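The values are calculated or read from the model by the stated rules, or taken from the named source; none is laboratory data. Note that the coordinates shown come from a computational prediction; the quantities given were computed from them, not determined experimentally. We place every Cβ from the backbone using ideal geometry, glycine too, and count neighbours over all the protein chains shown. Areas reflect the complete protein model, heavy atoms only, side chains present, ligands, DNA and RNA absent. Shrake-Rupley method; radii C 1.70, N 1.55, O 1.52, S 1.80 Å.
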Amino acid sequence: MEWYTIGEVSKQCNIPIRTLRYYDDIGLLMPDRISAETNYRYYSKESMRKIPLVKYYKQLGFKLEDIGRMLERPNFNVLEDYMAKELLIVEKQMTELQKKHFAIQEWQQLLKQGETLLAESQEEKKIEVASFPLYRTMKFRYEIQDRQAADIEVLYSNIFVELCNRNNVFAYGPFILFFDDFSQRVNQTFTGVDCYTAVIEDETNAALTTEVGGFQALSVVHKGDYRSIGETYRKVQDWAERRGVLLQGASYERYIIDPWSTTVSDNYITELILPIGGSENV
């Protein structure tokens, strides 16, 4: 029988010597013979044939402990079982990657929308009647415990991220806050707020989601820090009164550019959405 030293195997199979020694240590690919005089490791051609298989199975994602069993190849059933199990893992990973891809694309589009709105003139706030689309969202109620800590940017972030991580839900922008009474929002006297975000829904998280939207509303974009948002609300109220549009009293705030996207509060872009209940002129 022809024997090959560990150095020859390393060169012919393009595999580091330290990797071959590691495979020996874990029992994955042991030398066929070790010289009693020199302690040199020698491998047979059959052992060398296993090295491309190890590389290939690693590339496919199999664990080394499983590869050792697969190399024994006692029958086809063993390989078929391992392939079937790995297929399930890969299919799950593909589903997760598709969700991540979609979520990242949606966030990218949201940033582009914000950039477009930032580039528009700020002299006149355009108020219009619009249909608020129907969202499939996750929702939780945030109750204000500490008025001093009730900064708008922390109302949803930590809790929402934890909720999504715990339930393996992929959210995609924008975040939306709902105020029962927008006058309390303006005066900073609200004690609770409903928080929403659109999520990629599947059969595993359907029970966690709800629908929001699907109604007519007044829409206007507020640019800048949240401390000046009351001015924009008042302009919407004046606009509605002049045109005989009946406001329901609640409001949604849709965050297009927020502290997640920029540290410059002057660049915040927030869409105010005020549901309407009727009108004489619209």
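Numbers for the structure displayed
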read-out	value
Pairs with Cβ under 8 Å, 6+ apart, first in region 78-100 and closer than 14 Å to Phe62 by Cα, second open to solvent by 100 Å² or more (accessible area, probe 1.4 Å) and outside any helix (DSSP H, G or I)	Leu79/Arg73
Single condition Phe190 does not satisfy, out of (1) open to solvent by 10 Å² or more (accessible area, probe 1.4 Å); (2) at pLDDT 85 or above; (3) assigned to a loop (DSSP other than H, G, I, E, B); (4) not basic (Lys, Arg)	(1)
Selection from region 137-163 of residues that are modelled with pLDDT of 80 or more and in contact with a strand residue (DSSP E or B) (Cβ under 6 Å, 6 or more places away or on another chain)	Thr137, Met138, Lys139, Phe140, Arg141, Tyr142, Glu143
Subset of region 216-238 (residues that are in a helix (DSSP H, G or I) and touching a residue at least 12 places away in the same chain (Cβ under 8 Å))	Tyr226, Ile229, Gly230, Thr232, Tyr233, Arg234, Lys235, Val236
Yes/no for Leu117 being more than 30 Å from Val9 (Cα to Cα), over 19 Å from the mean Cα position of the chain (by Cα) and in contact (Cβ under 8 Å) with a residue 40 or more places away in the chain	yes
Any pair with Cβ under 8 angstrom, 6 or more apart, that starts in region 4-26 at a residue that is within 15 Å of Lys58 (Cα to Cα) and in contact (Cβ under 8 Å) with a residue 12 or more places away in the chain and ends at one that is outside any helix (DSSP H, G or I) and among the aliphatic types (A, V, I, L, M)	Leu20/Leu29; Tyr23/Leu29; Tyr23/Met30
Within region 107-118, tally of residues that are modelled with pLDDT of 90 or more and open to solvent by 60 Å² or more (accessible area, probe 1.4 Å)	7
Hits in region 240-259 - residues which are in contact with a strand residue (DSSP E or B) (Cβ under 8 Å, 6 or more places away or on another chain), open to solvent by 40 Å² or more (accessible area, probe 1.4 Å) and either small (Gly, Ala, Ser) or not in a strand (DSSP E or B) (or both)	Arg243, Gln248
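Okay, residues lined up against (1) touching a helix residue (DSSP H, G or I) at 6+ places or on another chain (Cβ under 7 Å); (2) not aliphatic (A, V, I, L, M):
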position: Cys164; (1), (2): no, yes
position: Asn167; (1), (2): yes, yes
position: Ala171; (1), (2): yes, no
position: Glu201; (1), (2): no, yes
position: Leu218; (1), (2): yes, no
